[in-house]
1. So how much slack lies between ALA163 and ALA136, counting 0.36 nm per residue of separation and subtracting their Cα-Cα distance, in nm?
2. So for region 36-166: antiparallel DSSP bridges make up what percent, rounded to the nearest 5?
3. Shape of region 57-210 from its Cα gyration tensor (a ≥ b ≥ c, root eigenvalues): rounded if a/c is under 1.5, otherwise prolate when a/b > b/c, or oblate?
4. Step through the residues of region 101-114 one at a time and calculate ³J(HN,Hα) from phi using the Karplus curve (6.51 cos²θ - 1.76 cosθ + 1.60, θ = phi - 60°), rounding each to whole Hz and writing x for Gly and Pro.
5. How far is it, in nm, from the label point at SER69 to the one at VAL105 when both lie 7 Å from their Cα along the line to the Cβ?
6. FRET efficiency for GLN119 and ASP198, Cβ-Cβ distance as r, R0 = 25 Å, nearest 0.05?
7. Given 10 °C and 1.306 mPa s, compute D for region 141-205 with the Stokes-Einstein relation, Rh being the Kirkwood radius over Cα pairs; round to the nearest whole µm²/s.
8. If you add up the charges near TYR152, with Lys and Arg at +1 and Asp and Glu at -1, over every other residue whose beta carbon is less than 11 angstrom from its beta carbon, what do you get?
Amino acid sequence: MTSPRAFRSLALSSLLALAACGASGNHPGMDGGACDPAKYPCGPYGYSVGSTVGDLTLTGRRDLNANGSVLDDPIAPIKLSDYYADKKTEVLFISLATVWCGPCVNEQPSLVQLYKDYQTAGKGVAFLEAVLQDSAGKPADMTVVDSWAGTYSIPFDMAADPANALAPYYNPSSFPVQLVIKTSNMSLVYQHTSVSTDLKSVIDGVLANP
């Protein structure tokens, strides 16, 4: 789908700012030289399939009390290193969505069911959905994220991206986007725009070769 035109200039500015940060070595997707592999894989980090994803930080809610809803859990930073530290998690699936995107809305029931299937089977798959824009194409805050989670009864982790940490991984006019990360080394194994028809097979492939 195509986003509202007003958002494009903002997205371009964000990407330019991210590029400038990357050049100085300060962008969270780059390794400035100091890392602890016990806490997170060292760089260099990248944005394409096969590269190691940096320890990005979002703002959101995780289902810490494991009751199937994030809405009664606190808003807090969510770091990719949280998933790396959980040795029961072998795959991290990240969904990037916007409120104005019809296909994003339509795929929510299937994502919820897929998540529940993996949980029931005891598979080590974590789901994280980032809602990036509201219905007007403006950056989404946690009010928008919470409304989305409530409307579609989302049982998995939900986040906003106020710092545009995810910006290098998507085109701001095209959603939904799916990212699949192998958590043993935080490598990006799948990156897809539009509704995916092979998401489950990709995740199952990583589970078969952790």
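Any read-out appearing in this document is the output of simple, stated calculations on the displayed coordinates, not a laboratory observation. Predicted model, so just to flag it, every value in this text is computed and none were measured. Quick reminder, even Gly has a Cβ in these numbers, built from the backbone with ideal geometry, and neighbours come from all protein chains shown.
1. Roughly 7.8 nm would be gained on extension.
2. 40 percent
3. Because its axes are fairly even, with a/c under 1.5, region 57-210 counts as rounded.
4. With coefficients 6.51, -1.76 and 1.60, one gets 8, x, x, 4, 4, 5, 8, 4, x, 5, 5, 4, 5, 4 Hz.
5. Between SER69 and VAL105, the label points sit 2.3 nm apart.
6. 0.75
7. Estimated via Stokes-Einstein, D reaches 116 µm²/s.
8. -2
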